[in-house]
Amino acid sequence: MRSVESQQQDRSRPLSAPVELRIHGVGGAAPEILLGHPHPVQVAGDDTAGFYRSSRTDGPPERRALEAYSWGGITSRSGSRALWLLVLPFALANAAGFMLERGETARVRFARILLRALALSVTVLFVLWAGGLALDLLAFQCGGDPTCTGRHWWLTFFEHPFLQYHPTRRVALAVTAPALLIFALRRATTFTRTRYEDAFSMEPVEEPDRTGADPAGAGLGEPVFWHSSRFGERLLAAHISAAAAALAGASAYACWQLLAAAGIDDRVNLALMIASAVVGGTATISVMLAARGPVRWLAGLGWWLVGLVMAVNLIRSIPGPTIAAALPGYSRAVLMTGLVSLILAVVLMFTLAGHRMIPPVATTSVGVFAMGSFLAGSHVRLADWLGNRVMTADQPQIVYSPAYDWFSLAALAAVAAAAIAALLALLWLRGRGSSVANLATINARYGDPAVQRERRSWLGRIARAEAVSELVDDSEALLTVLLSMVVGGSIGFYWIRTFGTGSPLGPIGLVPAGWRSLIPAATWVSSVLPLVALAVIYRSFRNPGTRRRVGIIWDIVTFWPRWYHPLAPPPYSARAVPELGVRLARLVNEGAAVTLSAHSQGSILAAASVARLPAGIRGSLRLLTHGSPLRRLYGRFFPAYFGTPLVEQIRARLEGRWLNLFRPTDPIGGPVGSEGVDRTCRDPETDRREPGDPLPRVQGHAFYAGTTAYDEALADLENR
């Protein structure tokens with residue numbers, strides 16, 4: 001345990017020169033591992049993310065000081081971070097926006113508008129999911145059936161005479177649950193923005209600040225890219241106003257239908273519906289136009305509408321028992337939102353045709369599809385838990401929309417297609433690992449003329465690792481398959497139901513008789529996502545190891561600022577990149593020559609920092625990247641930010657003081673494609689071993705430090 005005194009004493013000491021500053025990759029790495037020392041001392045940062053050095057103060061001075069930046073706590077330190085799994089579709093929708101090209105051409109601007117509208121549709125689906133569970137299944141159906149409330153003690157308050165035979169009152173009371181969820185998301189977003197995105201606004205940068213309503217044209221080197229809180233607040237207000245309006249409008253419509261079925265002329269709920277449509281439509285336009293307009297005023301009005309719907313329908317009532325099997329309107333609202341999302345995705349495909357269409361459309365569509373599967377699976381499982389579709393002597397009748405059966409069948413088809421693709425990939429990998437010619441080629445690297453029996457298994461592992469690495473380069477093909485399944489299946493769904501009902505907006509019919517035998521298996525498949533999410537959340541609260549593995553997901557999808565979906569998980573880069581720049585500036589200003597050694601995702605943070613730092617600091621900086629996805633993944637999917645221009649910019653700014661190491665067996669890292677920068681590392685480095693020992697294992701994406709290639713590259717950089 002480090003003492004406060006030792007930390008303060010070390011922070012005030014002069015910094016050594018030269019310094020090797022190591023940055024870990026995804027999943028985090030303890031400072032003890034990065035430094036190879038059991039008792040590191042923190043010299044900057046805090047308990048969430050900090051810079052550490054060896055605590056050794058005696059003995060001869062080292063040739064270089066070894067320092068480590070451990071930033072994994074931003075994504076995995078707190079157990080509450082696991083709750084962000086619930087909004088993974090938001091993160092996908094946000095990341096998709098950064099796959100677009102930069103620029104202000106009409107096509108790019110229109111694509112941004114469509115992507116922001118698609119991101120908003122995910123928010124609306126999320127609200128309808130919460131509203132459907134609370135208002136329809138719990139309050140309206142179960143709350144109106146004494147058999148159901150009697151089986152679940154936590155719902156017995158619905159048996160109170162004020163609620164039991166007054167469905168509009170139950171619905172109005174249940175509006176509280178999704179409203180509180182929206183409010184909690186808003187508070188969490190505001191808190192994390194204050195904690196991360198606004199925490200390091202004093203970083204030394206070369207480029208001047210650029211303000212504006214939409215920061216989408218900013219580059220990595222501009223402060224507004226990392227500190228765009230004003231834009232984020234406005235976009236958040238627009239999403240919240242649209243979500244509140246969707247909740248108020250759907251609830252008012254349901255109560256209006258219930259009162260109309262009871263013969264009551266209800267103009268109040270009708271007026272609230274119209275007002276909600278106006279507010280929601282205006283908020284949607286504001287989101288599409290990069291949060292321009294009176295968004296804060298709209299957000300307040302949206303909350304007022306939710307409150308009015310609750311107040312009006314708590315006062316009014318319907319005499320008599322429940323008069324409908326399911327709450328009117330919610331399944332239709334889900335259908336309309338899904339249809340709008342499909343139309344937006346198709347239009348976006350045509351807009352981006354020939355201009356990197358697949359990644360942004362596929363990523364957003366998968367986010368929408370995941371939200372739909374989450375919605376369908378949770379509704380089906382909750383309905384089954386509360387009762388049966390058919391009322392029996394001891395089971396209440398709890399029904400859900402046939403739309404969820406269609407969603408479940410789509411999920412089953414997607415899982416089946418993914419399983420077939422995985423099986424084909426395994427067969428291909430097995431063939432590569434047993435190919436005689438391939439094994440002989442790999443064996444020749446180590447100087448052996450023939451493949452011996454005892455080496456065959458070892459060579460096969462190397463061959464399979466290299467084959468997996470090659471598969472990663474075909475990741476766009478995988479996204480193409482996913483996009484085809486999601487969009488094509490959705491179009492087929494609407495095509496079938498349109499012919500079945502005669503109208504694309506008509507009531508959703510039952511699944512055809514020939515397919516109904518698949519529904520039980522399909523509903524369980526669609527339930528996997530919510531059930532797994534809940535299980536992972538529970539384990540993450542109790543198990544730091546699980547929490548670190550969850551952190552790997554966020555390390556990949558939450559690098560980007562929240563420009564397209566303000567309710568996405570907080571971007572750790574908004575703290576890590578400026579914090580790294582502040583530390584580099586201090587080291588250089590105190591006379592240290594710094595070699596920045598960045599592994600995996602750490603190389604992305606390093607590249608972003610180098611793109612921002614002024615020339616006076618870059619002159620004392622050297623960069624060693626290893627296992628870097630800079631060009632292989634980020635350059636492929638985010639070319640506007642990590643493409644060839646950024647690579648050449650970093651190379652020019654460092655004036656040749658940059659080396660990149662990669663292994664053919666590494667499925668994540670790869671070459672950056674700049675002359676004189678890349679070096680291939682043989683993996684394993686050697687086939688030598690002591691008698692009786694096993695052959696060296698394949699390192700793959702493991703940390704490169706400690707290898708011969710790493711030490712040689714480090715020495716080479718220090719001599720430049």
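The values are calculated or read from the model by the stated rules, or taken from the named source; none is laboratory data. All of these numbers come straight from a predicted model, not from anything done at the bench. Because the Cβ atoms are built from the backbone with ideal geometry, glycine has one as well, and the counts that use them run over all protein chains shown. Side chains are part of the model used for accessible areas, which takes the heavy atoms of the whole protein and leaves out ligands, DNA and RNA. Shrake-Rupley method; radii C 1.70, N 1.55, O 1.52, S 1.80 Å.
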Yes or no: MET371 surrounded by 20 or more Cβ atoms within 10 Å (Cβ to Cβ), of a type outside the set (S, T, N, Q) and out of contact with any strand residue (DSSP E or B) (no Cβ under 6 Å at 6 or more places or on another chain)? yes
Test result for ALA608, open to solvent by less than 10 Å² (accessible area, probe 1.4 Å) and over 21 Å from PRO223 (Cα atoms): no
Name the single residue, out of those in segment 375-386 being buried (at least 23 other Cβ atoms within 10 Å of the Cβ) and of a type outside the set (A, V, I, L, M), that is farthest from ALA403 (Cα to Cα). SER378
Pair list, Cβ under 8 Å, 6 or more apart: segment 273-288 residue in a helix (DSSP H, G or I), other residue open to solvent by less than 10 Å² (accessible area, probe 1.4 Å) and of a type in the set (Lys, Arg): VAL287/ARG116; MET288/ARG116
Determine whether ARG657 is open to solvent by 30 Å² or more (accessible area, probe 1.4 Å) and over 16 Å from ALA585 (Cβ atoms). no
TYR710 versus (1) open to solvent by 70 Å² or more (accessible area, probe 1.4 Å); (2) in contact with a His (Cβ under 8 Å, 6 or more places away or on another chain); (3) not hydrophobic (A, V, I, L, M, F, W, C): which is the lone unmet condition? (1)
Which ones in segment 289-304 are modelled with pLDDT under 90 and either assigned to a helix (DSSP H, G or I) or open to solvent by 30 Å² or more (accessible area, probe 1.4 Å) (or both)? LEU289, ARG292, GLY293, PRO294, VAL295, ARG296, TRP297, LEU298, ALA299, GLY300
Residue tally, condition assigned to a loop (DSSP other than H, G, I, E, B) and either open to solvent by less than 60 Å² (accessible area, probe 1.4 Å) or touching a Phe, Trp or Tyr at 6+ places or on another chain (Cβ under 7 Å) (or both), over segment 677-698: 9
Lone qualifier among VAL347, VAL366 - being assigned to a helix (DSSP H, G or I), of a type in the set (A, V, I, L, M), in contact with a Leu (Cβ under 7 Å, 6 or more places away or on another chain) and surrounded by 20 or more Cβ atoms within 10 Å (Cβ to Cβ): VAL366
Test THR147 against the criterion of being closer than 30 Å to GLY387 by Cβ, open to solvent by 10 Å² or more (accessible area, probe 1.4 Å) and of a type in the set (S, T, N, Q), and give yes or no. yes
Criterion: closer than 16 Å to VAL594 by Cβ, charged (D, E, K, R) and at pLDDT below 80 - qualifying residue of ARG63, ARG53, ARG77: ARG63
Filtering segment 136-166 down to residues that are assigned to a loop (DSSP other than H, G, I, E, B) and either touching a residue at least 24 places away in the same chain (Cβ under 8 Å) or closer than 20 Å to GLN257 by Cβ (or both) yields GLY143, GLY144, ASP145, HIS152, TYR165, HIS166
Return the only residue of ARG651, ARG663, ARG636, ARG632 being surrounded by 17 or more Cβ atoms within 10 Å (Cβ to Cβ), basic (Lys, Arg) and more than 30 Å from ILE442 (Cα to Cα). ARG651
Yes or no: segment 248-258 includes at least one residue that is farther than 21 Å from TRP560 by Cβ, among the aliphatic types (A, V, I, L, M), at pLDDT 85 or above and open to solvent by 40 Å² or more (accessible area, probe 1.4 Å). no
Among GLY249, GLY221, GLY232, which is at negative phi, of a type in the set (Gly, Ala, Ser) and not in a helix (DSSP H, G or I)? GLY221
Within segment 33-53, track down each residue that is open to solvent by less than 30 Å² (accessible area, probe 1.4 Å), out of contact with any Ser or Thr (no Cβ under 7 Å at 6 or more places or on another chain) and of a type outside the set (Gly, Ala, Ser). GLN42, VAL43, THR48, PHE51, ARG53
Of these, VAL582, VAL577, which one is at pLDDT 70 or above, in contact with a Phe, Trp or Tyr (Cβ under 8 Å, 6 or more places away or on another chain) and open to solvent by 50 Å² or more (accessible area, probe 1.4 Å)? VAL582
Condition (residue is open to solvent by 10 Å² or more (accessible area, probe 1.4 Å) and touching a residue at least 40 places away in the same chain (Cβ under 8 Å)) applied to segment 595-603: is it met by at least one residue? yes
Out of the residues in segment 259-288 that are within 26 Å of the chain's Cα centre (by Cα) and not β-branched (Val, Ile, Thr), which is surrounded by the most Cβ atoms within 10 Å (Cβ to Cβ)? ALA283
